[in-house]
1. Run the quick spin-label model on residue 45 and residue 6: label points 7 Å from Cα toward the beta carbon, then report their separation in nm to one decimal.
2. Express the accessible area of region 6-101 per residue in Å², computed with a 1.4 Å probe while the remaining protein chains stay in the model.
3. Sorted by accessible area (1.4 Å probe), largest first, how do 33, 7 line up?
4. Would you compute, from DSSP H runs of 4+ residues alone, the mean residue ellipticity of the chain at 222 nm, taking -39500 (n - 2.57) per run and dividing by the full residue count, rounded to the nearest 500?
5. What is the Cα radius of gyration of the chain over 2.2 N^0.38 Å, N being its residue count?
6. Determine which aspartates and glutamates satisfy two conditions relative to residue 49: a Cα distance under 14 Å, and not lying fewer than 8 residues away in the same chain.
7. Over the chain, what percent of the accessible surface lies on carbon and sulfur atoms, probe 1.4 Å?
8. Tally Lys/Arg at +1 and Asp/Glu at -1 over every other residue whose Cβ is under 13 Å from the Cβ of residue 57; what's the total?
Amino acid sequence: MFDNIDFSKIGEILNQVQEKAKNIELELANKEFSAKSGAGLVKVSANGKGEIIDVSIDDSLLEDKESMQILLISAINDVLTMVAQNRNSISSDILGGFGKL
């Protein structure tokens, strides 16, 4: 089962993966995702780490609290879904390299 694995390279590979993970973490902090709802009345932005970094709400919604809440929830959910999909894609890319041991 382990006949084809070169164990001398495992430490080297793990160090490379760790370094790549650090670089990805920095990249995620600088990456920005945005989602709009209500035809652009609400816009929410998040970085690649899933931190909300900006919220924009059109003045016309300030008098309609219920609509504002619904649109805000929708935009937040959409932007967090984008972040999660990006993370899953990156994870797949990283873990794909382990198949080459």
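The values are calculated or read from the model by the stated rules, or taken from the named source; none is laboratory data. Just so you know, these numbers come straight off a predicted model, no measurement behind them. With ideal geometry, Cβ positions are generated from the backbone for all residues, glycine too; neighbour counts draw on all protein chains shown. Surface accessibility is based on the protein's heavy atoms, side chains included, excluding ligands, DNA and RNA. Shrake-Rupley method; radii C 1.70, N 1.55, O 1.52, S 1.80 Å.
1. Using points 7 Å along Cα→Cβ, the separation is 4.6 nm.
2. Details: 6580 Å² over 96 residues.
Roughly 69 Å² per residue, with all protein chains present.
3. 7, 33
4. -18500 deg cm²/dmol
5. Here the Cα radius of gyration is 1.58 times the empirical estimate.
6. Partners found: 25, 27, 32.
7. 51
8. -2
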